[in-house]
Amino acid sequence: MKVAPSPCPPRPLPDPKLPETGSVFELTQALRQEQEEQQRAEVARQQQHLQEQQRQETRQQQQRRASLSRQAQAWLQGLDPHSEEGLWFEEFSYAYESKLEAAIDYLEALREARA
């Protein structure tokens, strides 16, 4: 005896995240909850990416500042305090906490003016 094929297609396996039986409301709630979880995960990924970019920018700024500091120290060592530039710089540096800070700003301004 042959078994006739069933007129109904086989039922798909249930999604473990969704309730097996329930109302449309429960299904909608489950879908909404899953979407919210995905959105939270995406926001977390975006925030992590933004934080990493900020860390990189901070590192670059620190490296740039350290490089400028070394250049400023070398420039100060070679500056003749009795030259026109040395006398001008002495007056310029009064507004700063240190001559090094003044030299850094001065060299940075020179670099920007030449660019």
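The values are calculated or read from the model by the stated rules, or taken from the named source; none is laboratory data. Every value quoted in this text rests on a predicted model; they were computed, and no experiment measured them. Reconstructed Cβ throughout: ideal geometry from the backbone, glycine too, with neighbour counts over all protein chains shown.
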| Residues of region 87-99 satisfying the condition of being surrounded by 14 or more Cβ atoms within 10 Å (Cβ to Cβ) and assigned to a helix (DSSP H, G or I) | PHE89, GLU90, PHE92, SER93, LYS99
| field | Options ALA109, ALA103, ALA74: the member that is at pLDDT below 95 and surrounded by 10 or more Cβ atoms within 10 Å (Cβ to Cβ) | value | ALA109
| message | Please verify whether GLU26 is surrounded by 10 or more Cβ atoms within 10 Å (Cβ to Cβ), outside any loop (DSSP other than H, G, I, E, B) and modelled with pLDDT of 95 or more, treating the condition exactly as stated. | response | no
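Yes or no, residue by residue, for (1) out of contact with any Leu (no Cβ under 6 Å at 6 or more places or on another chain); (2) polar (S, T, N, Q); (3) farther than 30 Å from LEU110 by Cα; (4) at pLDDT 95 or above:
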{"site": "SER6", "(1), (2), (3), (4)": "yes, yes, yes, no"}
{"site": "PRO14", "(1), (2), (3), (4)": "yes, no, yes, no"}
{"site": "LYS17", "(1), (2), (3), (4)": "yes, no, yes, no"}
{"site": "ALA30", "(1), (2), (3), (4)": "no, no, yes, no"}
{"site": "GLN53", "(1), (2), (3), (4)": "yes, yes, no, yes"}
{"site": "ARG59", "(1), (2), (3), (4)": "yes, no, no, yes"}
| Residue satisfying all of: in region 54-86; in a helix (DSSP H, G or I) and hydroxyl-bearing (Ser, Thr, Tyr); farthest from the chain's Cα centre (by Cα) among these | SER69
